[in-house]
Every structure is written in structure tokens, then in C-alpha cells.
């Protein structure tokens, strides 16, 4: 048995590199014993090396470690997203006043790497036990990061609320997985699917209850309603780089494991029919996802309208965005999965860009209050113009990547004859314009208060960083063919044809 396991190590190289990077960063921090850019550089190098191995493995399919993990284009796509977003976040942290003023040295760096390792395992997991363990690795790291600035009361409060909600959600999920295990006798989701389809489980209340309870675990990770209560407080209390990391990387990890679980566990056949997944009769998990999706869009968008803090506004925006992404899962076919991939890639650039612009503004104003941004467009035009671009992209305005993501989501719904659901999504998009444009209104259509009208200057490196987010956000809104082709090629799960 041991030679078989060792023979699979070559497929585990990206994760192995991350483990080595984690150890190197810890020892470097112990040796340097002060805040240093060296540890962040080592982490970025490790991420790039890991990304190189992911690139080499792209297109391969393999089952690893007694069917605990798989390697396929689906997992590789998510790993690219995790690596790219984490490199950006590490660069974020170098310019963050909150991270710089924290008592800790470089602990945030290897905590980020630890979370990415968990995210890699979530994207590849096909065993319910591995899904749970990898989700816990991501969650436990997130709790520590949320309370990183421990001298701030808001930060400690955020971490405590996160722990409480996370513990409750993961406990509910593992209990539901134990029910499925008791019903089928296996933790492997492919074996579970074969057993459920062979014995017939039409409208079995145990299966329906298990699905709802498992969604508690996944829903809390992606910030969907009604598992979203931790999100606004944690986003507001955490340092902005951590908030951005949770909004993009952690949420994407949640989607990676959730989509694979539902797209595999409840199929009666792993051969798709005209691209549609053949779901077991009577197991209507798409209806549950549909309800949560609509609820997330409505709550996220309508509550965001009343927010005065940029962090809380972006928190409710993330809840609404999770609702849009879940619409692609409701479709339950390859077109929907491709749309999810396109949306997540667009979301990475436009959301990280919005958080980075927020951080630059907060560093100068010592506040993330929207009212304090009056007339900021005249004091710092470059930053505010790009902030407006990110707001337009998040709302789905044409010629931005956000529009392309929503276009493919809504197109997949219409092709599936779910026109009413596409209309609900479109109406929610209209509502989102109110709070996204509110930010633009304060920056450009209101005069600054007397004594607060001096110009704000930034280092040119900050402008370059902003452009790294703004250029893809606008480029993929105009020329999106490469992104679409990459998403289509990656929408292939192990064993699902």
C-alpha cells in the first residue's frame, strides 16, 4: 500500500511546496524577529513555485491517497485563483497601516500560506472527511487572522463572533455528513452517489435534512443567507488585507468544495446529458440552492443601501455576490459551471481592487466612513477614478469584467428556462447600483468640508498596484474570449464527463 501512496506524491507537489514555504516562513520570522519584507518575499516565491507546478499539472486527472483527493482541471483552476489572490494580498499587507501597527511581526504571512494550503485541499477533496478537515484548516486560520490586531476591541469581537458562528456551522455540517455515512457506509462522494442512485432515495427526508445541514457549513464559508451574520462584523473588525482575503480567497475555497459536493454526490450518472448533470430523482438540492441564492441577493443588496462604512458595504456586497454566483449552480450543467468560473475570476480583480482602494483611502483619512470621502475625487483623482471603476464593475456595468460574469450567469439561467430567476438577479443588480453609486456620489458630486480640501499624494507603487486590478477589470470586460475559453476548459471534474 505504501508504494502506491508514494507514487502519488508527484501529483501533490503544489501542496508540498506550500508546506515547505510555510515552514521556511516560520523559521525566517524566528530568525529575523522583527517586521520584515523578506518573509513576504519568501512567501511570494513559494506561491509562484507552487503555481508553476499547478501549471504543469493542468489538464491531468488523477485520484490521490486512496481517493481522498483528486487532481483535475476543476481543482487546478481554483488553485490558480488562490495563488494569484494571495500574492496580491501579501502585497496589500506591506502597505497596510493596520498590519504595520499590529504587535505581531510576520505571522500574517504564514497564516495566509496556511489558509491557501487548506483552500488547495478543499478544491481537490472528494471525501467528506477530507472536505471537513480542509474546511477546518481554512476556518481556524481565518479566526486568528480576524483577530490579528488584538489591541482593537472591534478585532477581538470580530474573531469571537467568527469562532462562534464557525463552530456551530461546522458542527452541524459534520453531523449531517455522519448521517450520510450511516445511510451509505462510505465517505467518498463518488461512492455515495452510486449507492444513493442504486437504492432510490426519492423524497427521503433524511437526505433532504442532510443537504440543508451540510449547506450550513458551506453557506457560512461563502457568506450566504441565512449563514451570513458573522460577515459584516468580521469584515469591519479585521484589517483590510484580511477582509479582502476572506472575501475572495476564503469564499472561492467555499465555492470550490460546495460545487464539487453537489455536482457529484447526488448524481445518478457521471455522464452528462447535453452538458446537464443527471440528478437523482427526488433529491431537489437545486431548489434549496435557489432559495438561498435569492435570499442572499435580496438581503445583501437591500441592507447594503443603508451602510455608512465601506467595509460593511463591501461585506453586504460580498453576500449579494455569493447569491449571484450560486445562480450558476442552480443551472446544474456545464454552462452554469463555466459561468461560475468566469464570475469568480472577474470577482477576484474587481473586489480586491475595491478593497485596496478602500485601504489607501482609510490609511490617509483614518476612517472607512463613506461620508468622510466627500470631495475625495478632487483631492486624490487617480485613486477615486479607479475606485469608481471597481464600483461599476461590482454592479455589472457593461465594458467591465463584472458585466461579463453576470451576462454568462443570466444567459445560463435563460437557456435552462429559468427566466424568472434571471429577472430576479437583474432587479437585484439595479438595486445594487444605489449603494455602489453612492460611493461615487460622495467622491465626485459633493464638496469636501472646509479644512479638508488639500491634495492627497500616494507613492507611485500604490498607483501601479491599483492598475494591476483595474486593467484586468476593464480588459476582460471588452475582450473576454481568453477568460471564457480558460473557464470552459477548466469546467471538467474528475470522473464527470
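The values are calculated or read from the model by the stated rules, or taken from the named source; none is laboratory data. This is a predicted model, so every value here is computed, not measured. FYI the Cβ positions are ideal-geometry reconstructions off the backbone, even for glycines, and counts take in every protein chain you see.
Here are some notes:
- Verdict on residue 414 being in contact with a helix residue (DSSP H, G or I) (Cβ under 9 Å, 6 or more places away or on another chain), within 29 Å of residue 303 (Cα to Cα) and without any contact (Cβ under 8 Å) to a residue 40 or more places away in the chain: yes
- Answer residue from segment 364-379, given it is more than 30 Å from the chain's Cα centre (by Cα) and not in a helix (DSSP H, G or I) and is surrounded by the fewest Cβ atoms within 10 Å (Cβ to Cβ) among those: 375
- Search result, residues across segment 56-77 that are within 18 Å of residue 256 (Cβ to Cβ) and in a helix (DSSP H, G or I): 57, 73, 74, 75, 76, 77
- Residue in segment 123-130 that is closer than 29 Å to residue 485 by Cβ and surrounded by fewer than 19 Cβ atoms within 10 Å (Cβ to Cβ) present: no
- Residue match in segment 89-100 (condition: at pLDDT 90 or above, closer than 22 Å to residue 220 by Cβ and surrounded by fewer than 22 Cβ atoms within 10 Å (Cβ to Cβ)): no
- Subset of segment 333-344 that is out of contact with any helix residue (DSSP H, G or I) (no Cβ under 6 Å at 6 or more places or on another chain) and in a helix (DSSP H, G or I) - its residue that is farthest from residue 462 (Cα to Cα): 334
Each row is one residue, and each column tells you yes or no for (1) over 15 Å from residue 18 (Cβ atoms); (2) out of contact with any strand residue (DSSP E or B) (no Cβ under 7 Å at 6 or more places or on another chain).
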{"site": "35", "(1), (2)": "yes, yes"}
{"site": "45", "(1), (2)": "no, yes"}
{"site": "48", "(1), (2)": "no, yes"}
{"site": "51", "(1), (2)": "no, yes"}
{"site": "56", "(1), (2)": "yes, yes"}
{"site": "63", "(1), (2)": "yes, no"}
{"site": "84", "(1), (2)": "no, yes"}
{"site": "115", "(1), (2)": "no, yes"}
{"site": "127", "(1), (2)": "yes, no"}
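- Filter pass, residue 209 being in contact with a helix residue (DSSP H, G or I) (Cβ under 9 Å, 6 or more places away or on another chain), assigned to a helix (DSSP H, G or I), farther than 27 Å from residue 76 by Cβ and touching a residue at least 12 places away in the same chain (Cβ under 8 Å): yes
- Filter result (surrounded by 19 or more Cβ atoms within 10 Å (Cβ to Cβ) and in contact with a helix residue (DSSP H, G or I) (Cβ under 7 Å, 6 or more places away or on another chain)) within segment 185-206: 187, 189, 190, 192, 193, 196, 201
- Residue in segment 12-30 that is more than 21 Å from residue 346 (Cα to Cα), at pLDDT below 90 and either touching a strand residue (DSSP E or B) at 6+ places or on another chain (Cβ under 8 Å) or not in a helix (DSSP H, G or I) (or both) present: yes
- Test: residue in segment 443-457 that is surrounded by 23 or more Cβ atoms within 10 Å (Cβ to Cβ) and either modelled with pLDDT of 85 or more or touching a strand residue (DSSP E or B) at 6+ places or on another chain (Cβ under 9 Å) (or both): yes
- The helices (runs of 4 or more DSSP H) found wholly in segment 384-497 and carrying at least 2 residues that are closer than 28 Å to residue 87 by Cβ and more than 23 Å from the chain's Cα centre (by Cα) occupy 460-478.
- Yes/no for residue 10 being more than 25 Å from the chain's Cα centre (by Cα) and without any contact (Cβ under 8 Å) to a residue 60 or more places away in the chain: yes
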